[in-house]
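Right, one structure below, let's go through it.
The values are calculated or read from the model by the stated rules, or taken from the named source; none is laboratory data. Source: prediction; values computed, not measured. Cβ placement follows ideal geometry from the backbone for every residue including glycine, while neighbour counts extend to all protein chains displayed. For accessibility, only protein heavy atoms count, side chains too; no ligands or nucleic acids. Shrake-Rupley method; radii C 1.70, N 1.55, O 1.52, S 1.80 Å.
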Amino acid sequence: MTNLRLFDPAFGDSFETAMRRFFAPVATDADLPAMKMRIDVTENDGAYEVKADIPGVKKEDINVRVEGNVVQIDAETRSEKETRGNGDKVLRSERCYGTISRTFSLASDIDEAGVQATYVDGVLSLKLPKKAAESARRVPIQ
């Protein structure tokens with residue numbers, strides 16, 4: 001049976017690889033990516049649909065605001081107090097806690113009364129119906 005060996009041209013021979021690893025900077029909390037909310041927006045004739053990935057957030061901690069054609073989604077992840085027994089200590093914790101917000105504008109105004117929101121398995125789904133276009137009124141000239 002042969003051993004699998006990965007070749008990475010950026011780290012040529014084994015001595016160079018060992019030296020790079022030895023002198024590599026230590027990862028800090030600043031190196032961790034900030035929480036991001038990824039969204040998909042689709043449009044049809046009557047509405048926009050938005051899907052936002054917000055894993056690890058309770059639906060009570062999500063706030064959606066719609067004003068005109070601007071949509072704002074805010075979410076807050078809360079730190080749960082961890083207790084360690086038997087003398088255990090936390091060696092590293094990379095789970096993020098805090099607030100995340102996303103604001104975007106759409107081409108048409110939204111009918112705020114018809115907005116529908118659901119949150120299942122970490123995905124917020126919004127159905128944003130377009131406001132009916134007001135017909136232009138001809139102004140008589142006197």
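The table below lists the values:
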| item | result |
| --- | --- |
| Total residues in the stretch 94-132, condition more than 16 Å from Asp74 (Cα to Cα) and touching an Asp or Glu at 6+ places or on another chain (Cβ under 9 Å) | 12 |
| Close pairs (9 angstrom Cβ cut-off, 6 or more residues apart or separate chains): closer than 14 Å to Ile110 by Cβ and open to solvent by less than 80 Å² (accessible area, probe 1.4 Å) in the stretch 39-58, among the acidic types (Asp, Glu) and assigned to a loop (DSSP other than H, G, I, E, B) anywhere | Ala47/Asp111 |
| Residue among Phe15, Phe7 that alone is over 25 Å from Gly98 (Cα atoms), hydrophobic (A, V, I, L, M, F, W, C), modelled with pLDDT under 70 and not in a helix (DSSP H, G or I) | Phe7 |
| Qualifying positions in the stretch 59-71 - among the charged types (D, E, K, R), touching a strand residue (DSSP E or B) at 6+ places or on another chain (Cβ under 7 Å) and loosely packed, with under 13 Cβ neighbours inside 10 Å | Lys59, Arg65 |
| Wholly enclosed strands (runs of 3 or more DSSP E) of the stretch 72-142 bearing at least 1 residues modelled with pLDDT of 90 or more and open to solvent by 100 Å² or more (accessible area, probe 1.4 Å) | 116-120 |
